[in-house]
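Structure, as structure tokens:
The values are calculated or read from the model by the stated rules, or taken from the named source; none is laboratory data. Source: prediction; values computed, not measured. A quick note on method: Cβ atoms are made from the backbone with ideal geometry, for glycine too, and the neighbour counts reach across all protein chains shown.
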Amino acid sequence: MFGEGLLTGMGVTWKHFWGKKETFCYPEEKLPMTERFRGGHLVLDHQKCIACSLCSLACPNQAIKLKIVPDAKKKRHMQSYVHLIGRCLYCNLCVEACNPRALSWDKNYAISSWHPEDMDDELVTEEGRAYFEMMMAKAKEEAEVEAKAKAETETAGGGDA
Ligand code: SF4
Ligand code: SF4
């Protein structure tokens, strides 16, 4: 029949026009990634991190550079956490090595860059830096109080003798 192919084609178009959309407006919209997707930037939960270095030690390609400093009470804190994305294999070993579950992926798969320096990602955010400063100051204060109390005890003990 003349026009049969055209009608069949229009029928298919009509069906898909009202059906579920299979496309999306990238890059304004991004597909949600699955639970086990590994990719994008590493995210550090600075309140959970205990600065144990296990993530860095687990990395087979030295893609994690840490700067850990002890506070006045000798507790370790994360001052800087740089993820060298250009070296990363996305093997997930760092995330699996982290016992307090302080590491995760942001699942943003669109992270290509023209500039190599953009591939070095600092995970300690402004908020994380403020938390670090607060913890250092708190430990210093507590250490000073403890030292003062100890000195007073020793003085009192010396006076009794
Ligand atoms: S995913 Fe693998 S290669 Fe990448 S930082 Fe973690 S341990 Fe290193
Ligand atoms: S393994 Fe986890 S807790 Fe330890 S330094 Fe790395 S992110 Fe922090």
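So is HIS41 surrounded by 15 or more Cβ atoms within 10 Å (Cβ to Cβ), within 16 Å of ligand 2 (Cβ to nearest atom), closer than 30 Å to ALA147 by Cα and of a type outside the set (Val, Ile, Thr) or not?
Against the criterion (surrounded by 15 or more Cβ atoms within 10 Å (Cβ to Cβ), within 16 Å of ligand 2 (Cβ to nearest atom), closer than 30 Å to ALA147 by Cα and of a type outside the set (Val, Ile, Thr)), HIS41 does not qualify.
Among the residues of the stretch 49-63, write down those that are aliphatic (A, V, I, L, M), surrounded by fewer than 19 Cβ atoms within 10 Å (Cβ to Cβ) and near ligand 1 (Cβ under 8 Å from one of its atoms).
ALA58
Condition test on ALA51, is it within 15 Å of ligand 2 (Cβ to nearest atom), touching a helix residue (DSSP H, G or I) at 6+ places or on another chain (Cβ under 9 Å) and without any contact (Cβ under 8 Å) to a residue 60 or more places away in the chain? Step through it out loud before you land on a result.
On the way: within 15 Å of ligand 2 (Cβ to nearest atom): yes; touching a helix residue (DSSP H, G or I) at 6+ places or on another chain (Cβ under 9 Å): no; without any contact (Cβ under 8 Å) to a residue 60 or more places away in the chain: yes.
The answer is no for ALA51.
Sort out which residues of the stretch 22-70 are of a type in the set (D, E, K, R) and at pLDDT 95 or above, and write them in order of number.
Once the filter is applied, which keeps residues that are of a type in the set (D, E, K, R) and at pLDDT 95 or above, the stretch 22-70 yields ASP45, LYS48, LYS65, LYS67.
Would you check which residues across the stretch 97-108 are out of contact with any strand residue (DSSP E or B) (no Cβ under 7 Å at 6 or more places or on another chain) and surrounded by 13 or more Cβ atoms within 10 Å (Cβ to Cβ) and list them?
Hits for the stretch 97-108 are ALA97, CYS98, LYS107.
If we scan the stretch 69-92, do we find a residue that is surrounded by fewer than 10 Cβ atoms within 10 Å (Cβ to Cβ), more than 13 Å from the chain's Cα centre (by Cα), under 30 Å from LYS138 (Cβ atoms) and more than 9 Å from ligand 2 (Cβ to nearest atom)? So that I can check it myself, show each step before the final result.
Pass one, the stretch 69-92, residues surrounded by fewer than 10 Cβ atoms within 10 Å (Cβ to Cβ): 74.
Right, trim to more than 13 Å from the chain's Cα centre (by Cα) and you get 74.
Right, trim to under 30 Å from LYS138 (Cβ atoms) and you get 74.
Retained after the next criterion (residues that are more than 9 Å from ligand 2 (Cβ to nearest atom)): 74.
Looking through the stretch 69-92, at least one residue is surrounded by fewer than 10 Cβ atoms within 10 Å (Cβ to Cβ), more than 13 Å from the chain's Cα centre (by Cα), under 30 Å from LYS138 (Cβ atoms) and more than 9 Å from ligand 2 (Cβ to nearest atom).
Just the residues that are in a strand (DSSP E or B) and aliphatic (A, V, I, L, M), please, taken from the stretch 97-134.
Listed by number, the list holds a single entry, LEU103.
Just a yes or no: is a residue in the stretch 45-55 more than 14 Å from the chain's Cα centre (by Cα) and at negative phi?
yes
Out of everything in the stretch 64-114 that is among the hydroxyl-bearing types (Ser, Thr, Tyr) and more than 8 Å from ligand 1 (Cβ to nearest atom), what residue ends up being nearest to MET33 (Cα to Cα)?
TYR109
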